[in-house]
Every structure is written in structure tokens, then in C-alpha cells.
1. Among the helices (runs of 4 or more DSSP H) confined wholly to the range 195-278, which include 1 or more residues that are within 30 Å of residue 169 (Cβ to Cβ)?
2. How about the range 345-392: which of its residues are touching a helix residue (DSSP H, G or I) at 6+ places or on another chain (Cβ under 9 Å), closer than 16 Å to residue 318 by Cα, in contact (Cβ under 8 Å) with a residue 60 or more places away in the chain and part of a loop (DSSP other than H, G, I, E, B)?
3. Can you find even one residue in the range 257-270 that is away from the ligand (no atom under 16 Å from the Cβ), farther than 30 Å from residue 332 by Cα and out of contact with any strand residue (DSSP E or B) (no Cβ under 9 Å at 6 or more places or on another chain)?
4. Would you check which residues across the range 148-181 are at pLDDT 95 or above, touching a strand residue (DSSP E or B) at 6+ places or on another chain (Cβ under 8 Å) and within 15 Å of the ligand (Cβ to nearest atom) and list them?
5. Does residue 117 fit the bill of being assigned to a loop (DSSP other than H, G, I, E, B) and modelled with pLDDT of 95 or more?
6. Any idea which of (1) exposed (fewer than 14 other Cβ atoms within 10 Å of the Cβ); (2) within 16 Å of the ligand (Cβ to nearest atom) is the one residue 137 doesn't satisfy?
7. Here is a check on your reading of the model: is residue 156 surrounded by 14 or more Cβ atoms within 10 Å (Cβ to Cβ) and in a loop (DSSP other than H, G, I, E, B)?
8. Being outside any helix (DSSP H, G or I), on the phi < 0 side of the Ramachandran plot and either surrounded by fewer than 15 Cβ atoms within 10 Å (Cβ to Cβ) or in contact (Cβ under 8 Å) with a residue 24 or more places away in the chain (or both): is that true of residue 126 here?
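The values are calculated or read from the model by the stated rules, or taken from the named source; none is laboratory data. The structure displayed is predicted, hence computed values, not measured ones. Every residue, glycine among them, receives a Cβ derived from its backbone with ideal geometry; neighbour counts consider all protein chains shown.
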Ligand SMILES: NC(=O)c1ccc[n+]([C@@H]2O[C@H](COP(=O)([O-])OP(=O)(O)OC[C@H]3O[C@@H](n4cnc5c(N)ncnc54)[C@H](O)[C@@H]3O)[C@@H](O)[C@H]2O)c1
């Protein structure tokens, strides 16, 4: 088969690589010319795809900026971003742009699948009419479906092949073709009856995480007031063999998905005269966590008769999660901005993020980072950071990830 992938990011590039590794001919399209050049040079910019793996594909994965190159594909999968506007409403701009461009080259018999996370109804009400501007009819001249992506960057125990893939087609024939395509790269296909069910499945998964993280974050704030160790409580609750699922508190939610996707559903729900209060409340609690973290740092410094203003505060881990360098919506950036506004002298250590141009900072080596530090703040706990050494050497340690559990010290504060 000849498979087109629109959007060569965290979702699109691994997907293109998977099809190419199965022997299919893949055309990867991106509007970012430097990404296209990198892919064609076998130079990966996605951490989960080593450059050697990309280079080994040779001609089987060809990247382009020209939509016309998709005209002879059997199937085209769209994986463009679905962000929020500054007012936290769905921004379907990239999706609409890519659908319009695709309509200009769409051919009879092609299968178009959407993988971008979005609210129920997007495939049928937005994508299909745009594609039909080609003069072709969905369901008869070409096929359409939705299949959410479940990739979790940095995860190695589940891959694209071993993670069940949810698929919903517009018509039975659309569905059949979509399932047939994904069987090439996934072992377990979960069939749902409509694109809307597939769209909402993805949002349920993300809302579930967001709400549960907010719940445990709220308890962390309560525990702080009550003088109870939240980590001890979570560890103990997690011993229940049924009816409880562990979620850890933290400095707030980051990444492209959890801080964004639930609001797609909340926005759509309003059109149906429904308020999704769990979603809004979870967003409020999680977005408030960086402010709580700054207050904890302030109180921590206060115990040593110091102010945030003028103190050297070193952040350990600035990406949004452990083991990756992804900075999108990272709570560390918000915490740093707030501390900076309060006069802190900031530095950071993160081997996954060499520099933070917006702060004019570069990651300092572990030892250098601790030189002259008034406080070390663990915001993202990357593996390989020697937490014991951190506690031994820093005059004040504030741990928002619970990785210092088991260490006792007067100058150590945990969320
Ligand atoms: N990253 C994840 O782990 C993940 C997981 C599940 C779902 N998703 C969803 O998948 C979608 C894509 O996310 P991502 O993380 O891969 O985004 P990304 O930003 O990493 O990549 C998207 C790519 O699309 C390109 N692009 C933007 N507009 C385009 C256009 N009009 N035509 C062609 N290319 C265009 C961008 O240049 C970029 O390279 C989003 O809806 C996201 O919510 C992401």
C-alpha cells in the first residue's frame, strides 16, 4: 500500500515509520520544511524514533511539503495538532487547513483517517464537508474514519503494535477499510460503530486521567494543611487489590493532551446545553497547582529566614514528564515564571532540555547547578538524578514528585 501521513509530529512520524517498516510505501507531509528535510536526511527529532531507525527505511518513507504528492496514496492519515485558542476554545485551524489542502488533491477510492484528538462530531461535521469540496462524496467516492492515537511518549512497555487501536468508520465500507489498514501495524483493533464513538473514547481516556490527577492534587493541598503525608496515604491506598487506581499528585499537568483535550469536550458539551463540571473543575485544580508549588517554595525559604526575592532557586527537571524533553504546557515553566516574577535568581538542571531560550538559561551540570543554591526544587523527576546527593548537598530541597520518599532531613519538604 501507499500510505500518506499528514503531520509528522509525535503521532505522525512513528505511525509513518510503522507502516514503512511493514514494507509499505509512505509519503509523509508536513508544512514545516525543516521537519521534511530532517526526515529525508534520516535525522529524527522525535525522541521515541532513533535516527538509525529512520535512516534504515530509505526510500520507503519519503517526506514532502506538497499535498499533490498524496494524490496516489491508497490511504491518508491526518495527525495535525488540535490546540486551544488563547481563550481555551478548540482551535481547528491546522485541521481545517490540512483538510482543505487534501481536498484539492483527493482521488476517488482513497481512504482518509483522522487521528488528531478532537470533540465528537469533528470527522462528520468538519472534515467530511471540507473533503467533499473536492466534488467527491464521502462514503461512496472516498472513505472516511476516525481512530484516536494513544501514543505515550517515552513509554516502552506498550508500542503502536501492542496498544489496542479504536476505529470508527463513517459507513460500514469506510469502517472495513479502516480496520484493514490498521491491522497492518496493530495487533488488536477495537471496533466502534461511529467516528463519534471513537472520538469520545479518546476524550474519556484523557478526562479520566485529568479528573483523577485533580482529585489527588486537591488531597495533597488538604494534606499540607492537615500535616499528613499525601505520599504515605497514596502508597497505602494503592495496596488495595481492587477498586482503587493509583494516581500521584504533582506540580500540575503538562503535555499536549491532558491540559488541552478535556476542554474540547467541555466546549462541545455547551452546544448540547450541558455543563461538564468535572472537566472544568479538574482543569481549575490542576492549573492552580503551580501557584500552590510557588507558595510551598516561599514557605520553605521562609523557614530559613530567606525570601524568594534574591534567592538562588534551582529547578530539577523542566520538561512536563520524566524521561522526555517535551516542554509543552510544562508546569515547571509556569513555576519558573512565577518565581522569576517574585525576584528569584533561577537556574535549572535537565539533561533532556539543554536550553530554555525564553528564560535565557541553559541546563547546568548537576554539581554546578547546586553551587550557591538556596533551594533545589524537584519539579520533574528524571531517572538518573541522584536524589540522595541532592538532599545531602542542597541547603533546602522541595520535592513535588515524591521521589525523596524514604529520606528524612529537616531541610527536605515534600508536596
Ligand atoms: N503527542 C502525543 O503523545 C499524542 C497522543 C495522542 C494524541 N495526540 C494528538 O495527535 C495530534 C497530533 O499531535 P502531535 O503531538 O503529533 O503534534 P506535533 O505538534 O508533534 O506534530 C504535528 C505536526 O503537524 C504539522 N502540521 C501543522 N499543520 C499542518 C498542516 N496544515 N498540514 C500538514 N502538517 C501540519 C506540524 O508542523 C507538526 O510537525 C493532536 O491532535 C494531539 O492531540 C497526540
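1. 195-226, 261-271
2. 379, 380, 381, 385, listed by residue number.
3. Among the residues of the range 257-270, at least one is away from the ligand (no atom under 16 Å from the Cβ), farther than 30 Å from residue 332 by Cα and out of contact with any strand residue (DSSP E or B) (no Cβ under 9 Å at 6 or more places or on another chain), which makes the answer yes.
4. 148, 164, 165, 166, 167
5. Yes; evaluated as a whole, the condition is true for this residue.
6. Unmet for residue 137, out of (1) exposed (fewer than 14 other Cβ atoms within 10 Å of the Cβ); (2) within 16 Å of the ligand (Cβ to nearest atom): (2).
7. No: the conditions fail for residue 156.
8. On the way: outside any helix (DSSP H, G or I): no; on the phi < 0 side of the Ramachandran plot: yes; either surrounded by fewer than 15 Cβ atoms within 10 Å (Cβ to Cβ) or in contact (Cβ under 8 Å) with a residue 24 or more places away in the chain (or both): yes.
In short, no.
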